[in-house]
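Remarks on the structure that follows.
The values are calculated or read from the model by the stated rules, or taken from the named source; none is laboratory data. Quick caveat, the model's predicted, so the values are computed rather than measured. Because the Cβ atoms are built from the backbone with ideal geometry, glycine has one as well, and the counts that use them run over all protein chains shown. Just so you know, the surface numbers come from the protein's heavy atoms only, side chains and all, with ligands and any DNA or RNA stripped out. Shrake-Rupley method; radii C 1.70, N 1.55, O 1.52, S 1.80 Å.
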Amino acid sequence: FVAGTSDNLVRYSAEGMPEIFPQRNIFDIGDVDSGKITALYATKNALVIFKERGIYLVKGNQTSGFVAQTLNKDIGCLAVGSIQDVPGTGLVFLSSNGVFVLKGALENTGTPTSIVELSTPIKNLIKRIDKSNMNVSVSVINRKAKEYMLCVPTIGKDNNLLLVWHYEVGAWSFREHYPM
């Protein structure tokens, strides 16, 4: 699967031939109002497509066919480097409105798919993020300490504010002047 042109198209290769993209192997994802495609993330049995203001899923296979579905048209991902599959939490990402988690039916568990704001307790820190440069934000999972670490830029700064989600505890902390 590839995307990244100025259109809303996601293309996928021919079965067994990853370098060939037939004309019919195409999805038109969302509309122009939801912005451009910012990231693709492969999960166990789905492809999550993030736009600036929207999240879409592609499920299926080459034999029976792929199906695209809209999950959300309000919340998207602006920082591809923020996307991490956090143990016990879900697929975490940075949106223009904060840090969110995608939970649920990505793995056909019977759990409804939902998008939940994870950053509600740290709204004062989220307001400090430089929205015009948030695309340079980066993240990593520190499995030893059981932390999702997201480093974001503040106004006029490089990535210098580290937001830490302690996923085993379910709480946030932060560190100043900790560039990543």
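Would you please list the contacts, defined by Cβ atoms under 8 Å and residues six or more apart or on different chains, that run from a residue in segment 40-61 that is farther than 17 Å from Gly30 by Cα to a residue that is aromatic (Phe, Trp, Tyr)?
Ala42/Phe1; Gly60/Phe66
Starting from residues that are in contact with a Leu (Cβ under 6 Å, 6 or more places away or on another chain) and among the aliphatic types (A, V, I, L, M), keep the ones in segment 79-93 and report whichever is nearest to Ser139 (Cα to Cα).
Residues of segment 79-93 in contact with a Leu (Cβ under 6 Å, 6 or more places away or on another chain): 79, 82, 85, 90-91.
Subset that is among the aliphatic types (A, V, I, L, M): 79, 91.
Values: Ala79: 10, Leu91: 12 Å.
Out of the qualifying residues, it is Ala79.
Is there a residue being open to solvent by 40 Å² or more (accessible area, probe 1.4 Å) and assigned to a strand (DSSP E or B) anywhere in segment 158-168?
yes
Tell me, yes or no, whether segment 93-116 has at least one residue that is of a type in the set (Gly, Ala, Ser), closer than 16 Å to Ile37 by Cβ and at pLDDT 90 or above. I'd like the intermediate steps shown before the answer.
Pass one, segment 93-116, residues of a type in the set (Gly, Ala, Ser): 95-96, 98, 104-105, 110, 114.
Now drop any that are not closer than 16 Å to Ile37 by Cβ, which leaves 95-96.
Checking the rest, the ones that are also at pLDDT 90 or above come to 95-96.
Taking every residue of segment 93-116 in turn, at least one turns out to be of a type in the set (Gly, Ala, Ser), closer than 16 Å to Ile37 by Cβ and at pLDDT 90 or above.
In segment 15-30, what residues are loosely packed, with under 13 Cβ neighbours inside 10 Å and within 22 Å of the chain's Cα centre (by Cα)? Break it down into steps so the answer makes sense when it comes.
Just the residues of segment 15-30 that are loosely packed, with under 13 Cβ neighbours inside 10 Å, to begin with: 15-20, 22-24, 28.
Within segment 15-30, just Asp28 meets the criteria.
What's the number of the only condition in (1) closer than 21 Å to Ile141 by Cα; (2) buried (at least 21 other Cβ atoms within 10 Å of the Cβ) that Lys103 fails to meet?
Exception for Lys103: condition (2).
What tally of residues in segment 116-133 results from selecting those that are among the charged types (D, E, K, R), open to solvent by less than 70 Å² (accessible area, probe 1.4 Å) and closer than 10 Å to Gly98 by Cα? First the steps, then the outcome.
Taking segment 116-133 first, the residues among the charged types (D, E, K, R) are 117, 123, 127-128, 130-131.
Among the residues that remain, those that are also open to solvent by less than 70 Å² (accessible area, probe 1.4 Å) are: 117, 130.
In the following step, the residues that additionally are closer than 10 Å to Gly98 by Cα were identified as 117.
So the answer is 1.
Could we say that Val10 is at pLDDT 90 or above and either part of a loop (DSSP other than H, G, I, E, B) or not hydroxyl-bearing (Ser, Thr, Tyr) (or both) here?
Values: at pLDDT 90 or above: no; either part of a loop (DSSP other than H, G, I, E, B) or not hydroxyl-bearing (Ser, Thr, Tyr) (or both): yes.
No; evaluated as a whole, the condition is false for this residue.
Select from segment 13-39 the residues that are assigned to a loop (DSSP other than H, G, I, E, B) and in contact (Cβ under 8 Å) with a residue 40 or more places away in the chain and write down the one among them that is nearest to Ile75 (Cα to Cα). Full working, then the answer.
Step one: filter segment 13-39 for residues assigned to a loop (DSSP other than H, G, I, E, B), giving 13, 15-16, 18-25, 29-31, 35-36.
Now restrict to residues that are in contact (Cβ under 8 Å) with a residue 40 or more places away in the chain: 15, 30, 35.
Details: Glu15: 32, Gly30: 13, Gly35: 11 Å.
Among them, the one singled out is Gly35.
Can you tell me which condition Arg11 does not meet? The list is (1) among the basic types (Lys, Arg); (2) within 16 Å of the chain's Cα centre (by Cα); (3) open to solvent by less than 90 Å² (accessible area, probe 1.4 Å), and all the others hold.
(2)
Between Lys51, Lys36, which is buried (at least 21 other Cβ atoms within 10 Å of the Cβ), basic (Lys, Arg) and either under 17 Å from Asn133 (Cα atoms) or under 14 Å from the mean Cα position of the chain (by Cα) (or both)?
Numbers: Lys36 fails: buried (at least 21 other Cβ atoms within 10 Å of the Cβ).
Just a single option satisfies the conditions, and that option is Lys51.
Run down Gly81, Gly60 and say which single residue is outside any strand (DSSP E or B), of a type in the set (Gly, Ala, Ser) and either within 19 Å of Ile37 (Cβ to Cβ) or open to solvent by 20 Å² or more (accessible area, probe 1.4 Å) (or both). Outline the logic, then answer.
Details: Gly60 fails: outside any strand (DSSP E or B).
Being outside any strand (DSSP E or B), of a type in the set (Gly, Ala, Ser) and either within 19 Å of Ile37 (Cβ to Cβ) or open to solvent by 20 Å² or more (accessible area, probe 1.4 Å) (or both) holds for just one of Gly81, Gly60, which is Gly81.
Pick from Val67, Val92, Val116: which is outside any loop (DSSP other than H, G, I, E, B) and over 15 Å from the mean Cα position of the chain (by Cα)? I'd like the intermediate steps shown before the answer.
Details: Val92 fails: over 15 Å from the mean Cα position of the chain (by Cα); Val116 fails: over 15 Å from the mean Cα position of the chain (by Cα).
After applying the criteria, what remains is Val67.
Quick one: Asn124 ticks every box in (1) part of a loop (DSSP other than H, G, I, E, B); (2) within 30 Å of Val169 (Cα to Cα); (3) over 18 Å from the mean Cα position of the chain (by Cα) except a single one, so which number is it?
(1)
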